[in-house]
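Values quoted throughout were computed directly from the atomic coordinates according to the rules given, and no laboratory measurement underlies them. Note that this is a predicted model, so its numbers are computed, not measured. All Cβ positions, even for glycine, are placed from backbone atoms using ideal geometry, and neighbour counts span all protein chains on display.
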Amino acid sequence: MRNLTMLKWLWLSLLALGLDQGSKILVDNSMQLFESIPVLPYFNLTYVHNTGAAFSFLSEAGGWQRWFFAGLALVISVVITFWLARLKSHETLLAVALALVLGGAVGNLIDRLAYGYVIDFLDVYVDNWHWPAFNIADSAITLGVVLMLLESFGVTHQKSDELSGSNQ
């Protein structure tokens with residue numbers, strides 16, 4: 001029964017996936033490739049295709065990277081699903097983190113399989129320096145990893161220790 005308890009967090013994966021795919025469809029249907037729309041100071045919507053991984057790593061590798069990154073995302077997604085199923089009920093922060101990473105990984109996997117590239121469109125910049133464009137899936141993965149790091153540093157344990165009166 002424990003397995004089903006932690007798989008309840010898959011709704012968060014589905015939310016991240018839905019927001020990611022919906023935003024990508026909206027961008028693809030309403031913008032031209034490389035079109036940039038100013039939204040706020042230091043932030044544009046800029047439609048690009050990324051055939052590589054984070055920061056366009058291996059984007060010029062000749063095509064094999066599509067299947068490598070798709071396979072990697074598939075393996076990671078399966079591992080995370082099993083990891084989620086094995087969590088204990090008090091491991092809420094880790095469950096949220098894993099669910100976000102899973103949703104993001106599947107979102108980018110869908111792009112790789114369907115198009116051969118990932119649709120990126122969030123463009124943060126200062127003057128002429130632009131952070132590499134990213135998407136909702138990348139944001140979910142990043143937030144999930146940050147939450148995993150916080151959890152690994154004992155953020156949730158520290159709070160529960162304070163509540164129980166323990167001073168370790």
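Output the peptides 34-47, 83-96 sorted from most to least packed, where packing is the average of other Cβ atoms within 10 Å over each peptide's residues. Intermediate values should be presented prior to the final figure.
Details: 34-47: 13.9, 83-96: 15.9.
Most protected by this proxy first, the peptides run 83-96, 34-47.
Computed FRET efficiency, Cβ-Cβ of Trp83 and Tyr115, R0 25 Å: what is it to the nearest 0.05? Working from the Cβ atoms, E equals 0.30. Placing a label point 7 Å from the Cα of Glu35 along the Cα-to-Cβ direction, the residues of the stretch 113-146 whose backbone N falls under 14 Å from that point are 121. Rounded, prolate or oblate: pick one for the stretch 62-136, where a ≥ b ≥ c are the square roots of the eigenvalues of its C-alpha gyration tensor, a/c under 1.5 means rounded, and failing that, prolate if a/b is larger than b/c, else oblate. Oblate, since a/c reaches 1.5 and b/c is not below a/b.
Put in line by how crowded their Cβ is, counting other Cβ atoms within 10 Å and starting with the fewest, Lys24, Lys8 read Lys8, Lys24.
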